[in-house]
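Asker: Shown below is the structure under consideration.
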Amino acid sequence: MTHAPHPFDALMDITARPPTVFVRGEGSWLWDDSGKRYLDFVQGWAVNCLGHAPPVVAEALATQARLLLSPSPAFYNAPSLKLAGALVQHSCFDQVFFANSGAEANEGAIKLARKYGALHRGGAHEIITFEGGFHGRTLATMSASGKKAFEPLFEPKVPGFPKARLNDLASVARLISDKTVAVMLEPIQGEAGVWPATDQFLQELRTLATAQGLLLIFDEIQTGIGRTGKLFHYEHAGIEPDIMTLGKGIGGGVPLAALLATEHAACFEHGDQGGTFNGNPLMCVAGLAVLEQVAAPAFLKATLDAGLFLERELQRLSARHGLGCVRGRGLLLALDLKLPIGPSIVAQAFADGVLLNAPQPDALRFMPALNVTREEISAMIDGLDAILMNIGAARMVA
C-alpha cells in the first residue's frame, strides 16, 4: 500500500522551513492557513518595502494585467520606459537594464564591467570584492561573494574576484593590478550580519577607483529603494558609483531588479545582454508604484524616523539584557547577541507570532516594511524582550 505524498514533498528541499503555509498578508502582518497572525520583521528579506499586498501595487498589477503582460524585450513598452526614466531622474545614472532578480542584476554588472575592461583596459577582467560580501547564487555571483559557506560549493568557481576587507582601503589597494577593472561591494553587508561600510571608506574608495581608472559598483539590492533612509545608500556618502544594482524592494514583492550605469560605463553592444522577461510591463508598473511612494521626501523622512526609533528601542533592549551593539542604518539593522542564540530566538519568536531573522548565529537582523508603525515596532520589541527574559532565566537555572 502506497501512502499519498505530503504536499511539501513536491518542492525541492533546499532550506529548513517550518510546516506552516502562509495564505494572506497585509502591511506588517501575515496569516497562515490556520488563521494565526504573525508580525513580520523580515518582509521577504527586505523585499516588501510597502508591506504585504500594498494596494497601490495590487491595483497597478491588476490594471496592467488586463492591458499587456509581455510583448517581448525585442520591443519597447511604456511602463519600462517610464520606470527607467524615473530611476535615471532620481539617481546619478544614465541608463537602466531591467532584470528579474538581484543575482541577475549583479551578473549583469559583472558582465558590464568585464566588457568595459575588454574595450578600455586592455582586457582587464578582475573585480575586487569583499570578505563577507553576498551578491547572489549564480556561479559568478557566488564567486564574487565572500561567504565562507560558498567556498566548497559547485567547484570550479568563476575566477577573477580577489577579496579585500571592508573598511580597509589598503587591502583594496594591494589587490589592484593591470588585470583589475572594478571594485564591487554592498554598502552594508546584509547576509554577513549587517556590517556597514563607513561613509569615509566609501568616499576613499571612490577616490581610489577614479585615480586608478576603475569602475565602482554598488550592490544596493538590499540597501536601495529607501531602506537606509535615502532613496539610494550611496547618497549618504555624497559620492556617485559608476554602476549600481537594485532588487528586492524595487518590486515591492514582485520579481524585479535593475542594473544602472553611467553613460561612461554603459558599454553593452547589441547581443551582449538580454532576458526573456526583462523589463516586462507587468513588473515595471509595480516598480513605478513603489518608486512613486518611496521617493517622496515625506516618505523617506518617515522611514528614517522609524529607523531611529527602532534603533533606540534595540539599544534599550541591549542595555537591559547585556547584549552587544546595534549596527546598520535606517530600517536595515542588526542586534549583536554576543552568543550563538539567534536561531533559538527566531524559533521562539515564530511560535509567538513574530518573524525575525538571524543572518549569523550571534545576530538578529531587522528588515520591516518601510511604512512600519511605532506601535508595530513596540510590539516586536516587547515580544523580543520577553524571549530574552526567558533565555536569561533559563541560563541562570542552568
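Asker: Which far-off residues, 5 or more places away or on another chain, put their amide H under 5 Å from the one on Gln189, with H placed in the peptide plane?
Answerer: Those lying under 5 Å, H to H, from Gln189 are Trp195, Ala197.
Asker: Any chance you could give the angle, 0 to 90 degrees and rounded to 10, that helix 199-212 forms with the longest Cα principal axis of the chain?
Answerer: So the helix axis and the longest Cα principal axis differ by about 20 degrees.
Asker: Please rank Thr63, Thr373, fewest neighbouring Cβ atoms within 10 Å first, as an exposure proxy.
Answerer: Lowest to highest Cβ neighbour count: Thr63, Thr373.
Asker: Moving to a separate point now. Enumerate the amide H contacts of Arg24 below 5 Å, restricted to partners 5 or more residues apart or on another chain; note that Pro and chain-start residues carry no placed amide H.
Answerer: The list, which skips near neighbours in sequence, is Trp31.
Asker: I'd like the Karplus ³J(HN,Hα) series for region 308-325: coefficients 6.51, -1.76, 1.60, θ = phi - 60°, whole numbers in Hz, and an x wherever there's a Gly or Pro.
Answerer: For region 308-325, the Karplus-derived couplings read 5, 5, 4, 4, 5, 5, 5, 5, 5, 5, 4, 5, 5, 10, x, 9, x, 6 Hz, x marking Gly and Pro.
Asker: In Å and from the alpha-carbon atoms only, list the Rg and Dmax of region 297-397.
Answerer: Cα radius of gyration and Dmax of region 297-397 are 13.3, 51 Å respectively.
Asker: Please give me, ordered by residue number, the trypsin sites (Lys or Arg not before Pro) of region 1-108 that lie in loop per DSSP and have at most 14 other Cβ atoms within 10 Å.
Answerer: Here the sparse-neighbourhood loop sites are Lys36, Arg66.
Asker: If you don't mind, there's one more thing I want to ask. Mind checking region 273-369 for trypsin sites (Lys or Arg not before Pro) that DSSP puts in a loop (not H, G, I, E or B) and that have at most 14 other Cβ atoms within 10 Å?
Answerer: Listed in order of number, the matching sites are Lys338.
Asker: Sticking with this structure for a sec: From zero up to wherever the largest Cα-Cα distance of region 55-294 sits, split into 10 Å bins and tell me the percent of pairs in each.
Answerer: With a bin width of 10 Å, the distribution comes to 8, 34, 36, 18, 4, 0.
Asker: Most fluctuating residue of Gly271, Gly108, Gly122 in a GNM of the chain with Cα springs under 10 Å: which is it?
Answerer: Taking springs between Cα atoms under 10 Å, the residue moving most is Gly271.
Asker: Next question. With contacts defined as alpha carbon pairs under 8 Å and 6 or more residues apart, what's the relative contact order of the chain in percent?
Answerer: 22
Asker: Here is a further query. Say we join alpha carbon atoms closer than 10 Å with springs in a Gaussian network model of the chain; which of Phe150, Phe232, Phe130 then has the biggest fluctuation?
Answerer: In the Gaussian network model the winner is Phe150.
Asker: GNM on the chain, C-alpha springs below 10 Å: top fluctuator among Ala16, Ala192, Ala84?
Answerer: Between Ala16, Ala192, Ala84, it is Ala16 that shows the largest mean-square fluctuation.
Asker: Separate question: Which pairs, out of Lys115/Lys248; Lys111/Lys148; Lys179/Lys230, put more than 31 Å between their alpha-carbon atoms?
Answerer: Result: Lys179/Lys230 exceed 31 Å.
Asker: Next question. Along the Cα-to-C-beta direction of Ala298, a point sits 7 Å from the Cα; which residues of region 372-389 have their amide N less than 18 Å from that point?
Answerer: Residues passing the 18 Å test: 372-374.
Asker: Mean residue ellipticity at 222 nm from the helices of the chain, using -39,500 (n - 2.57) per DSSP H segment of n ≥ 4 over the full residue count, to the nearest 500 deg cm²/dmol?
Answerer: -12000 deg cm²/dmol
Values in this text are rule-based calculations from the coordinates and carry no lab data. Keep in mind it's a predicted model, so treat the numbers as computed, not measured. Ideal geometry is used to build each Cβ from the backbone, glycine not excepted, and the neighbour counts take in all protein chains shown.
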